[in-house]
Amino acid sequence: MARIGLLTISDGRDFVHRDIADWARSSEDAIAAALEGAGHEVVRAPELVWTNELASSQARLVAEARPDLTIFNYSVWAFPHFSMLAADATPGPLVLLSNIDPVQPGMVGMLAAGGALDQIGRVHGRVWGDVADPATLERLLVHVRAAQAVGGLRGSTFGRFGGRPMGMYTAVANTDQWLAAFGVDVEEIDQWEIVRRSELVSPTRAKEGREWLEKHANVHYDGKQLTPELLERQIRSYHAVRELIDEWNLDFSGIKGQPELTTHFTTMDITEAFLNDPYDWEGPKPTHVTATESDMDAALTMQILKLISGDPVLFADVRHYHADRDIWDLANSGQHATWYAARSDDPAENLRRVHLYPEVFFFPAGGASVHHVAAPGDMTLARLTRHSGRYRMQVVRGAFEDYGDEVNEQLARQSTFEWPHAFTRMDVPADEFLSRFGANHIHAVPGDYVAELEQVCRLLDVDFQRLGG
Ligand SMILES: C[C@H](O)[C@@H](O)[C@@H](O)C(=O)CO
C-alpha cells in the first residue's frame, strides 16, 4: 500500500472558481475513490487550490504526511503558478493528472503546468484520462509503484559481506555515489563473521533445516563434496547471515563467497537462495534480496525490482547463448531462489523440482548447489550498469521457456548442469545484447515492469536503456 497525496488545482478568479468548484471537487472524489479501491491511502488537501497562498499551504499540509507520490489534479483551467508553488512545497515524486473532458479545459491546465515545471527542470509524470477507466488507473499505478520503489531505497542499508570478488569491477560501486543518488548506505561486514557465527547456531536448528531440505528437495549426497555435515554448515551460514541482517538492520545484501568461502568453508548457495526466497525451513518470511559475488549494482537492481513487483528476484549469470534456438542459459554459479522452480506459494511444490547437487570443481570447500530449471513465463530482465561513471538501467523483455525434462537436461549439460538454469528467450538480437550489455549478471522478475523501471530512472536521474526496443 502506498500513501498518495492529492491536490486539485483550480482557476485563480474567485467568480470562476466558485462556479467550477463542485466540478473540480467531484473529479478529486473520483480519483481518491479509485486509488482507495486499489488499496492505497489517499491524503487529500483540505481545500482546493485557487490562490497562491492555498498553493503553498495545502501542498505543505499534504507533504507533512510524507506521501510516496503526490498527484496534482487538473479537471478545470488551473493557473500554472499555483502548480509551481505547490510543487516547490512538495519534496517527493509528482504526477500531473488530467481528465479528458471538453466541458472544462483541465487538459490545458495540465499542459501549462507541465511546461512550467519542465522549464525549471522539475521531474514529474503525466497521466490523462478517466480514472474510472482501468487502463488510465493502471497508468497512474505505474507511477505509484515507481515512487514506492524510489522511496523504499532512500534511507536503506546494503550489507556488503566481503569485498570485490575475483576482480569484478562491475560488482563494486562508489558508496558516496550510492548515498547521493539512491539514498542507500553500505555496511561492510567481513565474511569471517559468517564463519564465526555459523559455529554458534544450535545443532537442532541446523538438523531440522537439513531434514526439511531432505524431505522436500532432492538431495544428492556423494560423501565428499556434499555430506549432511556440509549441508548443515550451509544452513548454519544462512542463520548467521540472518542474525547479521537483524543486528545491522540490513535491507538487502550481497555475499562475496568466492574464493575464500568457496575454497575453504562452503558455498553460500543455500544461504543466498533462501534469503531471496519467501520462505525457509522455519516457515514463510519476507524475501531479503541477496546478490551472489557481493555484486552491488546487481543487488540494487534486484531491490528495485522487488520494491516494484513484490516478488522474489532472480540473480543469474549470462552464461550461454544457444544460437540454434536463439535462447540464453541464465545459470548462476550455484543458486537461484527456489521459488523460480514453480513460482508457487507452496514451498513443497517448488522444492519438488529442486536438486541439491555436490558443488563442482570450482568450489573445493563443497556444499550443495541449488539446481532447478526456472518455470516458464513472461519476464522483465534488467540491470543497472555504469558508463563513464553514469548509471543506466538496461532493460529487456523476455520469457523463460521449458522444453520438457529431456531437452532441458540436454541443454543444461552443455554448461554446468549442477547449477540452476533459466532458459530465456530475450526480445533483443544476440548481437545487440552482447555488444551493449554492461555486466556478467542479469536480474529478472515475472511480468512486465518496463514502464515502472522507466519512471524509476526518471526519478533517480538514471539513463533508461531499453535493449531490443
Ligand atoms: C566459475 C566462476 O567461479 C563463477 O563464479 C563465474 O562463472 C561467475 O559466476 C561470474 O559471475
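The values are calculated or read from the model by the stated rules, or taken from the named source; none is laboratory data. On a predicted model such as this, the values are computed, not experimentally measured, just so you know. Please note: Cβ atoms are built from the backbone with ideal geometry, for glycine as well, and neighbour counts cover all protein chains shown. Protein only, heavy atoms only, side chains kept; ligands, DNA and RNA dropped before computing areas. Shrake-Rupley method; radii C 1.70, N 1.55, O 1.52, S 1.80 Å.
Give the longest segment of the chain that steers clear of trypsin sites (Lys or Arg not before Pro) in DSSP loops with at most 14 neighbouring Cβ atoms within 10 Å, not counting the sites themselves.
Free of exposed loop sites, the longest segment is 14-153.
Where the Cα atoms of the stretch 78-127 are projected onto their three principal axes, how long is each span, largest first, in whole Å?
Here the Cα extents, ordered largest to smallest, are 32, 18, 16 Å.
If the convex hull of the alpha-carbon atoms of the stretch 195-333 is projected onto planes in all directions, what is the mean projected area in square nanometres?
10.0
Filter the chymotrypsin sites (Phe, Trp or Tyr not before Pro) in the stretch 337-376 to those in DSSP coil with at most 11 other Cβ atoms within 10 Å of their Cβ, and list the result.
Phe361
Under the rule of at least 5 residues apart or a separate chain, name every residue whose amide H is placed under 5 Å from the amide H of Gln191.
Here the answer is Gly162, since their amide H atoms fall under 5 Å of that of Gln191.
Apply the Karplus curve 6.51 cos²θ - 1.76 cosθ + 1.60, θ = phi - 60°, to the phi angles in the stretch 9-17 and return the couplings in whole Hz, x for Gly and Pro.
Running phi through 6.51 cos²θ - 1.76 cosθ + 1.60 with θ = phi - 60° gives 9, 10, 7, x, 8, 4, 5, 6, 4 Hz.
Indicate the gyration tensor shape class of the stretch 102-255 (rounded, prolate or oblate), computed on the Cα atoms with a ≥ b ≥ c the square roots of the eigenvalues: a/c under 1.5 is rounded; otherwise a/b larger than b/c is prolate and the rest oblate. Show your work: numbers first, answer last.
Working: a/c = 3.77, a/b = 2.22, b/c = 1.70.
Prolate is the answer for the stretch 102-255, as a/c is 1.5 or above and a/b outweighs b/c.
Please report the net charge: other residues with Cβ closer than 15 Å to the Cβ of Gln303, K and R +1, D and E -1.
Surrounding charge for Gln303 is -3.
Could you tell me how many degrees, from 0 to 90 and to the nearest 10, lie between the Cα long axis of helix 106-119 and the main elongation axis, the longest principal axis, of the Cα atoms of the chain?
Roughly 70 degrees, rounded to the nearest 10.
Of the heavy-atom accessible surface of the chain (probe 1.4 angstrom), what whole percent is carbon and sulfur?
Within the chain, the accessible surface is 50 percent carbon and sulfur.
According to the Kirkwood expression over distinct Cα-Cα pairs, how big is the hydrodynamic radius of the stretch 278-341, in Å?
Hydrodynamic radius (Kirkwood, Cα pairs) of the stretch 278-341 is 13.1 Å.
For Val42, enumerate residues with amide H under 5 Å from its amide H, sequence gap 5+ or separate chain, H modeled in the peptide plane.
Here Ile4 satisfy the definition.
Suppose we take every Cα in the stretch 314-359 and form the convex hull; what volume per residue is that in Å³?
Once divided by residue count, the hull of the stretch 314-359 is 97 Å³.
Modelled label-to-label distance, Glu199 and Ala116, 7 Å Cα→beta-carbon offset: nm?
Each label point lies 7 Å from its Cα, and together they span 6.7 nm.
Give the total of Lys-Lys pairs in the chain with Cα-Cα distances below 23 Å; include a pair only if its members are 8 or more places apart or on different chains.
Number of lysine pairs found: 7.
What percent of all Cα-Cα pairs in the stretch 339-469 falls in each 10 Å bin, counting up from 0?
11, 34, 32, 20, 3
For the chain, count all C-alpha to C-alpha pairs, find those more than 39 Å apart, and express that count as a whole percent of the total.
Details: 33386 of 109746 pairs.
Of all Cα-Cα pairs in the chain, 30 percent lie more than 39 Å apart.
If you line up the Cα atoms of the stretch 3-153 on their principal axes, what length do they span on each, largest first, in Å?
Its Cα atoms span 44, 30, 27 Å along the three principal axes.
Assuming 0.36 nm per residue, please report the length gained on full extension of the stretch Ile100 to Asp130 beyond their Cα-Cα distance.
That works out to 10.1 nm of additional length.
Amide H of Ser369 versus every other amide H placed in the peptide plane: which residues, excluding those fewer than 5 positions away on the same chain, fall under 5 Å?
Tyr357, Glu359
From the phi of every residue in the stretch 172-181, what ³J(HN,Hα) in whole Hz does the Karplus formula 6.51 cos²θ - 1.76 cosθ + 1.60 yield, where θ is phi - 60° and glycine or proline is x?
Calculated HN-Hα couplings, in order: 10, 10, 7, 5, 4, 4, 4, 5, 5, 8 Hz.
For the stretch 211-299, report the accessible area per residue in Å² (1.4 Å probe, heavy atoms, rounded to an integer).
Dividing the accessible area of the stretch 211-299 by its residue count gives 34 Å².
Helix 296-309: angle to the longest alpha-carbon principal axis of the chain, degrees 0 to 90, nearest 10?
Roughly 60 degrees between the two axes.
For Glu64, Glu28, give me the order by solvent-accessible area with a 1.4 Å probe, most accessible first, ignoring ligands, DNA and RNA.
These residues rank, largest area first, as Glu64, Glu28.
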